[in-house]
Amino acid sequence: FCGDWCQKYLTGLFAEYSSTAGHNLQDGMPWPIFNEIADKIYGDAISDDPFQPQEIHLSLTGDATEMKVMWITMDALVEPYVEYRAAAEDSATTEWTKASARNFTYVVPQNWWPTFTGVIYMSTMTKLAPDVQYTYRMKGFDTANQTERSSADFQFKAAPVNAPDRTTKIATLADQGTFMLLGVAVQEKLGQLQDSLGIDIATVVGDLSYAGLSSALPRLNISKEDEFEHMWDLYGIQSQPVAATRPWMVTNGNHERFYDYAAFRNRYSMPAEKSGGSLDNFWYSYDYGNVHWVSISSEHDLDDGSVQKEWLRQNLAAAAAPERRAQFPWIVVALHKPLYCSADGWGTSYADLLETLLIQYNVDLTITGHMHIYERIHPTLQGGVTCYPQRKRTVTGGKVHYVDTYKNCGTGPVHVVQGNTGGMQAETFTQPAPAWSAVRFANGFLTPNRTTEATSTLLGTLPETLGREHWNYTNTFGFGVVTFVNATHLQYNAVPITGDIGVDDFWIVKH
């Protein structure tokens, strides 16, 4: 996870409870205290009503005339369904279209933590008109109180007519988390900006909730390789303000693997069937507007001859065919672990497994995470940079701003590690920075590029130009927005939750 820094963070978070009569947090946090802290963070977002639909999220199905919706209640509703209609037709007399929902659950071992006992619902809204705003709500019969229950009303826009010059905007996140991480703050920022930014889709590239930890966390009574299912519920509640209003697309990371990915496989449903992918959400693709988006699993076999690798090869070959590329000029590949990254300890290089294939089919961009940093990597082949951007310097309000443009590069995608969306940052970087590393930041500041083996740590060496009094840990947390402007121009923006350190702005321009 994040070692000593998580422990220090938790110590501060729970300090006010340490002297509480009858509680010794060193022996593990009692369930009532967990509930109290969760309530302080999430407040009224958590319903005490077991029949109230919560954790509502949308996803694409691969059919532009459909939208899938999933939700959860803690006690089962009978004959659940979703009803929807065009928002322009909202009135007391307008008929609703109804789509029945199927319901199910899943079971994982119960250790110290209470486990998930709720009910998951899934339904698909069909025959949607392109680019039309719809109102929808979830309903079902509550047998305990002998009444029909309903969620609040939500709205979403149906998928557009696909066209090469149709502007598409996708928010990108990875390594987000809940509860004691800064994923809450990042989610709130995205929720505040989603409409003004014109976001069509939000995608999380692995390590969604951190319900499962690969190391023990004694203060929370979590043993190694354990998972607390209600963290998934908190994550669903946290993401709902965005996920209930536009497709919330997910990729698995290493922290989804617990109990054979049970929570990830059951709580989400990605468009695998129509793209011939994995029905467990591990690899799939979809078309939207002017982009072909491919999601694959860094946690499953990507060796030559593997099922996933062969699916990827066929998928990219089809997407790169001239007639398809004319309709969907942009190809993006998302996976949790990066092809290149200059953070220390990032592990396996996925460039060895994927780079040749991505270059063969002229993939434009990869989105990854895993390391809790932001980093942009130039187009690269076998560790050598194939294209450097042209840089433009502007000054606005006395502040210098740089915009990089990769123009007609043609050899290899630009790589973005967007792992700074909530997971605790306590990273160090390879020094000096590799030639392929364009921009990198974490720990609240831009990492200085040294010519020695010295590294920068969270409370170690700050850049010489940044005094401690100006340091703000949250300045390097944020999310990304990729804008596929038209058939030839793509813009990527890193959006920080505070300050202006965690900013990056680049373009890809092609004929």
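The values are calculated or read from the model by the stated rules, or taken from the named source; none is laboratory data. Quantities reported herein were computed from a predicted structural model and do not represent experimental measurements. We place every Cβ from the backbone using ideal geometry, glycine too, and count neighbours over all the protein chains shown. Surface accessibility is based on the protein's heavy atoms, side chains included, excluding ligands, DNA and RNA. Shrake-Rupley method; radii C 1.70, N 1.55, O 1.52, S 1.80 Å.
What to note about this one:
- The one condition from (1) assigned to a strand (DSSP E or B); (2) surrounded by fewer than 24 Cβ atoms within 10 Å (Cβ to Cβ); (3) modelled with pLDDT of 95 or more; (4) of a type in the set (S, T, N, Q) that Thr394 does not meet is (3).
- Tyr286 being in a loop (DSSP other than H, G, I, E, B) and in the same structural domain as Pro413 (by the TED database): no
- Given (1) outside any helix (DSSP H, G or I); (2) of a type in the set (S, T, N, Q); (3) buried (at least 16 other Cβ atoms within 10 Å of the Cβ), number of the condition Asn315 does not satisfy: (1)
Residue-by-condition table, conditions (1) free of Cβ contacts under 8 Å to residues at least 60 places away in the same chain; (2) assigned by the TED database to the domain that holds Ser285; (3) buried (at least 16 other Cβ atoms within 10 Å of the Cβ); (4) out of contact with any Lys or Arg (no Cβ under 7 Å at 6 or more places or on another chain):
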residue: Arg324; (1), (2), (3), (4): yes, yes, no, yes
residue: Asp364; (1), (2), (3), (4): no, yes, yes, yes
residue: Pro389; (1), (2), (3), (4): no, yes, yes, yes
residue: Pro413; (1), (2), (3), (4): no, yes, yes, yes
residue: Val416; (1), (2), (3), (4): no, yes, yes, no
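- Residue list for the stretch 329-350, restricted to those being open to solvent by 10 Å² or more (accessible area, probe 1.4 Å) and hydrophobic (A, V, I, L, M, F, W, C): Trp346
- Residue match in the stretch 252-268 (condition: among the aliphatic types (A, V, I, L, M), within 22 Å of Thr483 (Cβ to Cβ) and surrounded by fewer than 24 Cβ atoms within 10 Å (Cβ to Cβ)): no
Let's see how each residue does on (1) part of a loop (DSSP other than H, G, I, E, B); (2) more than 30 Å from Asp280 (Cβ to Cβ); (3) touching an Asp or Glu at 6+ places or on another chain (Cβ under 6 Å); (4) polar (S, T, N, Q):
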residue	(1), (2), (3), (4)
Asp39	no, yes, no, no
Phe51	yes, no, yes, no
Thr61	yes, no, no, yes
Ala64	yes, no, no, no
Val69	no, no, no, no
Ser91	yes, yes, no, yes
Glu95	yes, yes, no, no
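- Some residue of the stretch 348-366 being modelled with pLDDT of 95 or more and in a strand (DSSP E or B): yes
- Test result for Ala129, modelled with pLDDT of 95 or more, in a loop (DSSP other than H, G, I, E, B), in contact with a strand residue (DSSP E or B) (Cβ under 9 Å, 6 or more places away or on another chain) and over 30 Å from Asp226 (Cβ atoms): yes
- Residues (modelled with pLDDT of 85 or more, touching a Ser or Thr at 6+ places or on another chain (Cβ under 7 Å) and among the small types (Gly, Ala, Ser)) located in the stretch 194-245: Gly206, Ser209
- Residues in the stretch 223-279 that are basic (Lys, Arg), under 16 Å from the mean Cα position of the chain (by Cα) and either part of a helix (DSSP H, G or I) or closer than 18 Å to Thr421 by Cα (or both): Arg265, Arg267.
- When the residues of the stretch 79-127 are filtered to those that are closer than 23 Å to Glu148 by Cβ and among the aromatic types (Phe, Trp, Tyr), the one that is surrounded by the fewest Cβ atoms within 10 Å (Cβ to Cβ) is Phe104.
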